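A.B. asks: Please see the structure below; I have some questions.
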Amino acid sequence: MAAVNPSPRPNPNAPNPYAPPRARVRDIAAPKAETVLAERSTRLGASILDMLIFFAMVYVPLLLGTIVAAAGGDSAASGALALVGVVLVLGGFVAWLYMTLKQMSATGQSLAKKFLKIKVVRSDGSPASLSNLIWKRNVLNALLSIIPMYGLIEVLFIFAETRQCLHDKIADTIVVQA
C-alpha cells in the first residue's frame, strides 16, 4: 500500500483569500484643543474692514473716473476719460478678486481676517475648502438675502454660544483666532 500524504500545511505568509478587503483610509482631522473662537467684535471689525478694502479698490476709482469725466468739457475727451475710469474700476475689481481668492485658498482668510488674525475653518477644525467658502458662505447667503429680514436674523445668530452666524451654520464653518 502506498503511504497517504497528509494535507500540506498552509504557508503563513500567503494572503488569506477569506480576509476582508483592505483599503487605505485617510483619517479626518481631530479638532484642535487650542482652537479659540474669534470674538464677535473682531468678526464685525473684519467685515467692516473688508467692505472698506473693496470700496477703496473698486468704488474710489469709479468716483474719481466719474468726477474727472464730468469735469472734461468736450464730449470726445470726457468719453475717453470715462473709458479710463471703467478700466480703472475693472482693474481694481480684478486686483481685489485675485488678492482675496489667493488669500482665501491659502489660509481661509479674507484680507481683513488676515490683518485681524482670525480665519475660517470647518467645525471640526480642519481647513475649509475654497469652494465651501465661496459657494456656501457667500453666494448662497447672498441669494438668501432677498428674503425680507434675513440679514438681521442671519447676523443675530452670532450671539449663540457657538458664535456662528447663519452662513457659518450653512457652510459648517467657525471663525477662530489664527
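No value in this document is a laboratory result; all are computed from the given coordinates. What you see is a predicted model; the values in this text were computed from it and never measured. Heads up, the Cβs are rebuilt from the backbone with ideal geometry, glycines too, and the neighbour counts pull from every protein chain shown.
A.B. asks: At a Förster radius of 41 Å, what calculated FRET efficiency corresponds to the Cβ-Cβ distance of Ala23 and Ala82, to the nearest 0.05? Each step should come with its number before you reach the end.
C.D. replies: Values: r = 61 Å, r/R0 = 1.50.
It comes out at approximately 0.10.
A.B. asks: Can you figure out the FRET efficiency of Arg40 with Leu152, using R₀ = 22 Å and their beta-carbon distance, to the nearest 0.05?
C.D. replies: Taking R0 as 22 Å, the efficiency between Arg40 and Leu152 is 0.90.
A.B. asks: Which value in deg cm²/dmol, rounded to the nearest 500, describes the helix-derived mean residue ellipticity at 222 nm for the chain, given -39,500 (n - 2.57) per DSSP H run of n ≥ 4 and division by the residue count?
C.D. replies: Counting only the DSSP helices, I get -14500 deg cm²/dmol.
A.B. asks: Something else now. List, largest first, the extents of the alpha carbons of segment 53-178 along their principal axes, each in whole Å.
C.D. replies: 61, 35, 22
A.B. asks: Helix 60-71 against the longest principal axis of the chain: what's the angle in degrees, Cα atoms only, rounded to the nearest 10?
C.D. replies: 30
A.B. asks: How high is the FRET efficiency between Ser145 and Val68 when r is their beta carbon distance and R₀ equals 35 Å, given to the nearest 0.05?
C.D. replies: Efficiency at R0 = 35 Å is approximately 0.55.
A.B. asks: Take every Cα pair under 8 Å in the chain that's 6+ residues apart, average their separations, divide by the length, and report that relative contact order as a whole percent. Could the numbers behind the result be given before it?
C.D. replies: Numbers: 166 pairs, mean separation 42.5, N = 178.
The normalised contact order for the chain reaches 24 percent.
A.B. asks: How far is helix 75-107 tilted off the main Cα axis of the chain, in degrees rounded to 10, range 0 to 90?
C.D. replies: Rounded to the nearest ten degrees, it is 30.
A.B. asks: If you look for lysine pairs in the chain that are eight or more places apart or on different chains, how many of them have Cα atoms under 19 Å apart?
C.D. replies: 12
A.B. asks: Same structure, new question: Using a Gaussian network model on the chain with a 10 Å cutoff between Cα atoms, which of Ala82, Ala38, Ala46 fluctuates the most?
C.D. replies: In the Gaussian network model the winner is Ala82.
A.B. asks: Determine, for Trp96, Trp135, the number of other Cβ atoms within 10 Å of each Cβ, and report the residues in order from fewest to most. Before the final figure, lay out the partial values.
C.D. replies: Numbers: Trp96 18, Trp135 14.
Starting with the residue having the fewest Cβ neighbours, the order is Trp135, Trp96.
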